[in-house]
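Report on the following structure.
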Amino acid sequence: MADIKNTQGFKALLAQTEAELLTRGLDVVPVGVRNVLAHAVNTVAERMDIQPRSALRYIDPSVIADKIAKAGAESTEGAEGAHGIRPFRLDNRTVPTDRCVTGRPLMALAQAAKYATTNGDSRTAQHAIDLICEIGSAIAELDSDLAPVPAGVLDETAQVLDRVADKIEKDGWSVCPCGEDHGQVRADAAVPAVMRDDAALVRTVRASIDR
C-alpha cells in the first residue's frame, strides 16, 4: 500500500492546511504539518475502519490548523517543546544595520538561549539560536558597512528577549537553577532590565525603515 503522504489528495490537503496556518500568522516547518496531518488521517481511518485514502474527505484543514496553533500557543502546557513553529513574516524588507550595533542583540539572544535551555524551554532556545544564525548571515554580507538584517528577524528578536525577561521575573528562571546560591540570584535580578534595553534598541533599529 502506498504511503498516504505520497498521494495527491494528501498533498492537496497539506497545502490547504499550510495556507490555513498562514492566515493564523504561523509559519510551521512542513515536516511538522505533514506528520500531524498524517496522524489525523490514520486516526480517522482506524476509528471508521476505512482506508486512509478514503479518510481524507473527513479531514478539515482549518481544524488541523487550529490544533497546531493551540499546541504551539505559549499558554498551552507543554508548548515549550513544540518545535518549528514561528511567526509568519509578512514584512520581507531588510533593515540596513551598523555591524557594530548587531553585537548587542547577538549577545542578548545568546543569553536568552542559555536561560531557555537551562530552564527546559527548547522551543525558545531554538528560536533564539535560529535568530543568531540569521543575524550572523546578514553580517557575513561584505558589500557594505551595513548588514541587511531582515525586519522579521528584528521583530522576533525583540519578542524573544521580552519573553525571556518575563520568564526570569515572573517564573523564576535562573541561569543556574541548581538550588544553591553562588551568585546567580544577583545576576538573574539584573538580566531582565538589560534584555529589555536590548529589545528596545532592536525596535529602534527596526523602526528606522519606517521613517
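Taking Cα centroids, how far is region 94-137 from region 144-194 in Å?
10 Å
Read through the labelled values (i) 19.3, 61; (ii) 20.7, 63; (iii) 17.3, 54 and report the label of the one computed as Rg and Dmax of the Cα atoms in Å from the structure.
Computed from these coordinates, Rg and Dmax of the Cα atoms in Å corresponds to label (ii).
For the residue pair Thr117 and Lys70, what label-to-label distance in nm results when each label sits 7 Å from Cα along the Cα-to-beta-carbon direction?
Computed distance between label sites Thr117 and Lys70 equals 3.4 nm.
Taking the chain as a Gaussian network, Cα atoms linked when under 10 Å apart, which of Glu20, Glu134, Glu46 shows the biggest mean-square fluctuation?
Comparing Glu20, Glu134, Glu46 in the GNM, the peak value goes to Glu46.
Angle, helix 8-23 long axis vs. longest principal axis of the chain, Cα atoms, 0 to 90°, nearest 10?
40 degrees
Could you name the lysines in cross-link range of Lys67, using Cα to Cα under 16 Å and dropping any fewer than eight places away on the same chain?
Answer for Lys67, where 16 Å is the Cα cut-off: none of the lysines qualify.
Relative contact order for the chain: what percent, with Cα pairs under 8 Å and sequence separation of 6 or more?
Dividing the mean separation by the residue count of the chain yields 18 percent.
Counting only protein heavy atoms, what percent of the accessible surface of the chain is carbon or sulfur at a 1.4 Å probe?
On the chain, the fraction of accessible area on carbon and sulfur atoms equals 54 percent.
Could you size up the charge dipole of region 21-168 around its Cα centre, putting +1 on the beta carbon of Lys and Arg and -1 on that of Asp and Glu, and report it in debye to the nearest 20?
Dipole of region 21-168, to the nearest 20 debye: 420 debye.
Separation between the Ser62 and Asp91 pseudo-spin-labels, each 7 Å from Cα along Cα→Cβ, expressed in nm?
About 3.0 nm separates the two model spin labels.
Restricting to DSSP H runs of at least four residues, report the calculated mean residue ellipticity at 222 nm for the chain, -39500 (n - 2.57) per run over all residues, nearest 500 deg cm²/dmol.
-20500 deg cm²/dmol
For the chain, find the longest principal axis of its Cα atoms and tell me its angle to the long axis of helix 184-207, 0 to 90°, nearest 10.
80 degrees
For helix 103-118, what angle does its Cα long axis make with the longest principal axis of the chain, in degrees from 0 to 90 and rounded to 10?
60 degrees
The values are calculated or read from the model by the stated rules, or taken from the named source; none is laboratory data. It should be emphasised that the depicted structure is a prediction, and the values quoted were computed from it without experimental measurement. As a convention, Cβ positions derive from the backbone with ideal geometry for all residues, glycine included, and neighbour counts pool all protein chains shown. The accessibility values were calculated without ligands, DNA or RNA, using every heavy atom of the protein model including side chains. Shrake-Rupley method; radii C 1.70, N 1.55, O 1.52, S 1.80 Å.
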